[in-house]
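Participant: Before anything else, here's the structure in question.
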Amino acid sequence: MLQTLSGMLITNTPGIAILLVLLKEAHRESVPKKALVWLLLIGTSLIIPITLVQTGIGLAEKIPLLTAHPLISELLMTIIRLAFVEELFKFLGTKLVTWKGNYFTSSYQGMLFTAIVGLCFGLIESLLFITLVSQQNTSNFWMTVMIRSLIGMPAHGAYGLIIGKFYGQAKLADIQNNKSRRNKLFCLAVFVPSILHGLYDWLVSSQIVTIASSPNLIPSIMIGLDILLVVFAYYLLYHEKKLGR
């Protein structure tokens, strides 16, 4: 029990710190407290519909076409079932709360909104993940905790930032009454992070794409690249803030 609680604390401390900073930034942007509360509630609740949809898609693994083609099955189960579903719900949840708000006037705000939702979803996912790992009595528990502290909650926030980069630009296009550009940016807001997230999940977990002599090499490389992506995404937020000044 103590190990599980300690693991949860260590895993989520960096992400919670980032979340508090982003909430403070959103407050400085004159975002209503009510909207921020709704973003927090939506983000922490997304685990329910996402799990239901992912479970439904997971049933497709039993389809003969997929059982006969492992590569297609892997791609479907990672890029579509895991990544696309998660990023789509982050986008939809954020849009539900913020799109019609008269306070939403910049691309920077769009990045803040989606990152907050992504971090909240990542918080719940990490709590459940660490609980599961602790029950398995794995010898790599603390290594898993340390890795998750870097690419668990912070990574979901980073993918949220990528969603928000396009989502915020879509809002500006909508203000300019450019519906064609707005719709294009909506699509990019979902598909770009889905591809990045999906490729990471696939290559980390793939039983097909592997190196026999070094089975941990590709997952290790992908974890390193994911950490770099997290750093880059938060740099994008900083850069967007500077541009807005």
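Only the coordinates and a few stated rules stand behind these numbers; no lab work does. Note that the coordinates shown come from a computational prediction; the quantities given were computed from them, not determined experimentally. Using ideal geometry, Cβ is built from the backbone for each residue, glycine included, and neighbour counts are taken over all protein chains shown.
Participant: Rounded to the nearest 0.05, what FRET efficiency is calculated for residue 37 and residue 62 with R0 set to 51 Å and r the Cβ-Cβ distance?
Facilitator: Values: r = 41 Å, r/R0 = 0.81.
Approximately 0.80, to the nearest 0.05.
Participant: Now a separate question. Within segment 2-244, how many Lys pairs sit with Cα atoms under 16 Å apart, leaving out pairs fewer than 8 places apart on the same chain?
Facilitator: Step by step, the pairs that qualify in segment 2-244 add up to 18.
Participant: Then there's this: Tell me whether segment 78-161 comes out rounded, prolate or oblate; compute the Cα gyration tensor, take square roots of the eigenvalues as a ≥ b ≥ c, and use a/c under 1.5 as the rounded threshold. Walk me through the intermediate numbers first.
Facilitator: Values: a/c = 3.02, a/b = 2.35, b/c = 1.29.
Note, shape of segment 78-161 comes out prolate.
Participant: A follow-up question, please. With +1 assigned to the C-beta of every Lys and Arg and -1 to the C-beta of every Asp and Glu, and no other charges, what is the dipole magnitude of segment 2-244 about the Cα centre in debye, to the nearest 20?
Facilitator: Numbers: 18 positive and 11 negative charges, 190 e Å.
Rounded to the nearest 20 debye, it is 920 debye.
Participant: Multiply the residue separation of residue 142 and residue 221 by 0.36 nm, subtract the distance between their alpha-carbon atoms, and state the gained length in nm to one decimal. Each step should come with its number before you reach the end.
Facilitator: Details: separation 79, 0.36 × 79 = 28.44 nm, distance 1.96 nm.
Length gained, residue 142 through residue 221: 26.5 nm.
Participant: Continuing with the same structure: At 24 angstrom or more along the helix axis (alpha-carbon based) and mean Kyte-Doolittle of 1.0 or higher, what helices does the chain contain? Whole DSSP H runs only. Can you show the working numbers first?
Facilitator: Working: long enough: 2-28 (38 Å, 0.83); 107-135 (42 Å, 1.47); 153-175 (32 Å, 0.40); 179-205 (39 Å, 0.46); 217-244 (41 Å, 1.23).
Helices meeting the span and hydropathy rule in the chain are 107-135, 217-244.
Participant: Identify which of 233, 173, 83 has the largest mean-square fluctuation in a Gaussian network model of the chain, with springs joining Cα atoms closer than 10 Å.
Facilitator: Highest fluctuation among the options: 173.
Participant: Here's another thing I want to ask about it. Classify segment 56-115 as rounded, prolate or oblate from the Cα gyration tensor: take a ≥ b ≥ c as the square roots of its eigenvalues, call it rounded if a/c is under 1.5, otherwise prolate when a/b beats b/c and oblate if not.
Facilitator: Values: a/c = 6.18, a/b = 3.48, b/c = 1.77.
The shape class here is prolate.
Participant: Right, next: Let me know the shape class of segment 1-123, please: from the alpha-carbon gyration tensor, a ≥ b ≥ c as square roots of the eigenvalues, rounded when a/c is under 1.5, otherwise prolate if a/b is greater than b/c, or oblate.
Facilitator: On the way: a/c = 2.86, a/b = 1.60, b/c = 1.79.
Taking the square roots of the gyration eigenvalues as a ≥ b ≥ c, segment 1-123 is oblate.
Participant: Who wins for biggest fluctuation among 174, 201, 226 in a Gaussian network model of the chain, springs between alpha carbons below 10 Å?
Facilitator: 174
Participant: Something else now. Please order 181, 28, 81 by the number of other Cβ within 10 Å, starting at the fewest.
Facilitator: Details: 181 15, 28 10, 81 21.
Ranked by crowding around the Cβ, least crowded first: 28, 181, 81.
Participant: In addition: Mind telling me which of 109, 169, 135 comes out most flexible in a GNM of the chain, alpha-carbon contacts under 10 Å?
Facilitator: Among 109, 169, 135, the largest GNM mean-square fluctuation belongs to 135.
Participant: Another question, if that's okay. Which order do the peptides 148-155, 1-8 come out in when sorted by mean C-beta neighbours inside 10 angstrom, highest first?
Facilitator: Numbers: 148-155: 22.9, 1-8: 14.0.
So the order, starting with the most tightly packed, is 148-155, 1-8.
Participant: For segment 43-111 and segment 8-40, what is the separation of their C-alpha centers, rounded to whole Å?
Facilitator: 22 Å
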